[in-house]
Amino acid sequence: MEAVIIDSGGANLASLQYAFERQGARTRVSADAQEIAAAPRVVLPGVGCAADAMERLRRSGLARLLPSLTQPVLGICLGMQLLFERSAEGATECLGVLPGEVRRLSAAPGRPVPHMGWNQLGPSRADPLLAGLEPGAYFYFVHGYAVPAGELTVAPVEYGEALSAVVRWRNFWGVQFHPERSAASGARLLGNFLTL
Amino acid sequence: MELASRYRNEGADELVFYDITASPEGRSVDRRWVQRVARVLDIPFCVAGGIRSVADAEAVLNAGAEKISVNSPALADPGLIDALSRRFGSQCVVVGIDSRLTGQGYRAFQFTGDPGRTRESGRDVLEWVREAQQRGAGEIVLNCMGSDGVRRGYDIEQLHAVRQVCQVPLVASGGAGEIAHFAAVFTEAGADAALAASVFHSGAITIPELKRELRSAGIEVRL
């Protein structure tokens, strides 16, 4: 078993499992603290809203466990946002692994919210998670909230302003897009994660 | 399944699966089939067809779909949109609208998958688009019935009118017959995406050539 996908109660864990399956990797979906602590890699997915997801992580005790993990951890979409201190979505206190806040995107003509679609990453720092990806690779985004680009940003994406598309601090990585739905570039990124 | 893989390989940005007879027949889209598609497909895909409850939606999402689209059931019970977006987030709740110009303006129609049961819903399309967004729709797919299937171009005028009241992504549907139609829907109607079926199924337009031409017309596309 190569990774545990945290069952935070949201739906749609299947597409992530299938994406790892296409990489030849076995995953388990779990909300069990011991199993998660012992996993070689941990994925924190997230579809739904921040307040619900945090509530479930608190109730299962995982909110205390997650910041203490030392193996590679990958937060995806809402899962990435939960790694930060707090989110404007329902004024939610999050895990606080990474400094910073999640803000609501504001709609403008030609820039609808949620931000939905394929966007290119901006210039990125060297990071093993992005190894072998061409500059300007396209990834699929679906989100209404985001973290502005900052010190932890490995690769930004431009949507009215520079947002964090990929962040990293120590063993924690986060991606705002959905690698499991980002065709070849997403497959590459997930493959890279499995080698961390 | 073959079509799904082919379109993915040709560079389609998203696939939408409509089981259009599900609602008129009172059933929901087949989940095992959704699961088979989700296993092989690594681009976003949206599933529509007879999703009438949070439980129906959950089953389709758990089978691996990215988004769910509701049309007739949302017209029958608009609260469904609120319930779905509260549970799954508005980013995966698409509201599909079948619309046609009538003596009373643009009106939304139900059960369009069965010509014998198709009926006007009593709702004005612009009002319905506003309400659906307030209730939590994260995307609107506007299928203009008057231009659907005739390949004479998207209904630019109607899409433009809906664009003015639509702050979430707007997907144009109905009428694509040639590459210029796709360009027009982006530059003239301000749609965020264009959906087409028959021109791709028949091979009249291939996705790679469409995307190349759109890019050379200055429209940003993923190649």
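Things worth noting here:
- The residue that is farthest from B:V40 (Cα to Cα), counting only those in the stretch A:2-14 that are within 14 Å of chain B (Cβ to nearest Cβ) and of a type outside the set (G, A, S), is A:D7.
- Contact map, the stretch A:15-28: residues that are closer than 8 Å to A:A187 by Cα and facing chain B (nearest Cβ under 8 Å) paired with residues that are surrounded by 15 or more Cβ atoms within 10 Å (Cβ to Cβ) and among the acidic types (D, E), Cβ distance under 6 Å, separation 6+ or inter-chain. Pairs shown: A:A19/A:E180.
- Lone unmet requirement of (1) over 25 Å from A:A50 (Cβ atoms); (2) within 14 Å of another protein chain (Cβ to nearest Cβ); (3) in a helix (DSSP H, G or I) for B:L3: (2)
- Restricting the stretch B:182-214 to residues that are closer than 20 Å to B:P169 by Cα and not aliphatic (A, V, I, L, M) leaves a set whose member that is farthest from the other protein chains (Cβ to nearest Cβ) is B:F182.
- Considering only residues in the stretch A:79-91 that are within 19 Å of A:D7 (Cβ to Cβ) and in contact (Cβ under 8 Å) with a residue 40 or more places away in the chain, the one that is surrounded by the most Cβ atoms within 10 Å (Cβ to Cβ) turns out to be A:Q81.
- Applying the condition of being at pLDDT 95 or above and crowded, with 23+ Cβ neighbours inside 10 Å to the stretch A:96-118 and asking which residue is farthest from the other protein chains (Cβ to nearest Cβ) yields A:L98.
- Restricting the stretch B:96-127 to residues that are touching a helix residue (DSSP H, G or I) at 6+ places or on another chain (Cβ under 9 Å), of a type outside the set (S, T, Y) and part of a loop (DSSP other than H, G, I, E, B), the residue that is nearest to B:S72 (Cα to Cα) is B:F111.
- Among the residues of the stretch A:119-156, those identified as within 10 Å of another protein chain (Cβ to nearest Cβ) and either free of Cβ contacts under 8 Å to residues at least 40 places away in the same chain or loosely packed, with under 14 Cβ neighbours inside 10 Å (or both) are A:Q120, A:F141.
- Of the strands (runs of 3 or more DSSP E) lying entirely inside the stretch A:105-195, those containing at least 2 residues that are among the aliphatic types (A, V, I, L, M) are A:153-158, A:162-169.
- Subset of the stretch B:55-91 that is part of a loop (DSSP other than H, G, I, E, B) and either under 18 Å from the mean Cα position of the chain (by Cα) or within 8 Å of chain A (Cβ to nearest Cβ) (or both) - its residue that is surrounded by the fewest Cβ atoms within 10 Å (Cβ to Cβ): B:P78
- Residue within the stretch B:134-141 that is surrounded by fewer than 24 Cβ atoms within 10 Å (Cβ to Cβ), among the small types (G, A, S) and not in a helix (DSSP H, G or I) present: yes
- From the list B:I43, B:I51, the one residue that fits, being closer than 15 Å to A:L16 by Cβ and part of a loop (DSSP other than H, G, I, E, B), is B:I43.
- Look at (1) modelled with pLDDT of 90 or more; (2) closer than 25 Å to A:G79 by Cβ; (3) of a type in the set (K, R) and you find that B:R52 fails only one, number (2).
- Counting only residues that are within 13 Å of another protein chain (Cβ to nearest Cβ) and either in contact with an Asp or Glu (Cβ under 7 Å, 6 or more places away or on another chain) or among the polar types (S, T, N, Q) (or both), the stretch A:56-91 holds 2 of them.
The values are calculated or read from the model by the stated rules, or taken from the named source; none is laboratory data. All figures in this text were calculated on a predicted structure; none of them were measured in a lab. Counting neighbours? That spans all protein chains shown, and the Cβs are built from the backbone with ideal geometry, glycine included.
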